[in-house]
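Worksheet for the structure shown next.
None of the figures in this text is laboratory data; all of them are computed from the coordinates on show. What you see is a predicted model, and the numbers here were worked out from it, not measured in a lab. Glycine also receives a Cβ, built like all others from the backbone with ideal geometry; neighbour counts cover every protein chain displayed.
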Amino acid sequence: MNTGKKVALVTGGARRLGRDISIALAESGFDIILNYNESSKSDLEETISVLNEKGAGVSAVKCDVSKVSEIRSMFKSVFQKYKKLNVLVNNAAVFRHTDFLETSEKIYDKFLNTNLKSVFFCSQEAAKIMLNSDENINRIINIASLGGIENWTGYIPYSVSKTGVIKLTGLTAKRLAPKILVNAIAPGTVMIENDDNENVNPEEVKKYPMKRFAVSKDLTSLIKYLVIDNTYITGQTFTVDGGRSL
């Protein structure tokens with residue numbers, strides 16, 4: 001299947017920030033491959049409907065990105081269907097408070113496998129397709145976190161995983177240049193429209209010089225630039241935090 005349009009795969013693309021990224025890319029003329037897992041299955045149909053309304057062709061691929069065998073199967077199906085991949089957005093992640101003294105090996109592995117190992121192996125499989133394409137430049141965008149830059153002691157496994165994403169961004173950018181641009185975005189707190197935002201502490205906004213949390217558009221506008229207009233910047237992590245890290 002080759003519609004002539006560019007193709008973007010968004011991990012965790014059916015809900016929350018991933019859904020908003022998928023919609024932004026659809027509005028920019030991409031066909032969308034929605035990666036989802038069991039926890040986001042209930043959001044899938046509504047997201048597909050919105051993307052179709054935006055004029056995007058949509059493929060949904062169920063895959064637990066913490067498992068390399070499933071990642072490889074997903075990208076095999078992508079190549080069989082499209083014969084190309086122009087953009088990969090590594091968005092899928094787990095996030096929750098974890099006390100250092102009570103963090104088990106199982107919990108630690110869950111964070112590292114979902115948030116970091118997935119980025120490595122999704123990028124690896126995407127690169128195999130992208131490096132053999134006719135496009136001059138393809139793009140990988142990694143969703144990191146301010147927690148990968150600052151020391152969030154209540155979220156140590158999460159922060160370690162996101163620090164790894166930031167380092168991996170630079171390493172893969174150097175390895176895959178000039179044909180693939182790899183960049184990361186490190187947001188602070190993001191308020192998702194029509195979401196319960198249950199993990200958000202409203203008192204935290206006092207730490208933001210901009211006097212508000214980010215909304216999805218603060219990230220998706222940057223993603224649009226990085227995947228459409230950018231032809232030179234690579235290996236960078238863009239902190240989108242309303243000045244919190246200042």
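Restricting attention to segment 170-246, which GluC sites (Glu not before Pro) occupy a DSSP loop and are surrounded by at most 15 other Cβ atoms within 10 Å?
Answer by residue number: Glu193, Glu198.
So if each residue of separation counts as 0.36 nm, and I subtract the Cα-Cα distance between Thr103 and Lys5, what length gain in nm does that give?
Full extension of this stretch gives 30.8 nm more.
For segment 111-127, take each phi angle, set θ = phi - 60°, evaluate the Karplus expression 6.51 cos²θ - 1.76 cosθ + 1.60, and give the result in whole Hz per residue in order, putting x for glycine and proline.
5, 5, 6, 7, 8, 10, 4, 4, 5, 4, 7, 5, 5, 4, 5, 4, 4
First measure r as the distance between the Cβ atoms of Phe95 and Ser69, then evaluate 1/(1 + (r/R0)^6) with R0 = 22 Å and state the FRET efficiency to the nearest 0.05.
Efficiency at R0 = 22 Å is approximately 0.35.
What lysines does Lys106 reach when the alpha-carbon gap must be under 16 Å and sequence neighbours fewer than 8 apart in one chain are set aside?
Lys67, Lys117
Would you work out which of Phe79, Ser40, Val119 lies farthest towards the positive end of the dipole of segment 1-126, given +1 charges on the beta-carbon of Lys and Arg and -1 on that of Asp and Glu, about the Cα centre?
Among Phe79, Ser40, Val119, the one farthest towards the positive end of the dipole of segment 1-126 is Phe79.
Work from the charge dipole of segment 1-118 (Cβ charges, +1 for Lys and Arg, -1 for Asp and Glu, about the Cα centre) and give the residue of Val7, Ser28, Asn52 farthest towards its positive end.
Val7
How much FRET efficiency would the formula 1/(1 + (r/R0)^6) give for Ser49 and Thr153, where r is the Cβ-Cβ distance and R0 is 41 Å, rounded to 0.05?
It comes out at approximately 0.50.
What trypsin sites (Lys or Arg not before Pro) does segment 7-87 have in DSSP loop regions with at most 14 other beta carbons within 10 Å?
The qualifying sites are Lys83.
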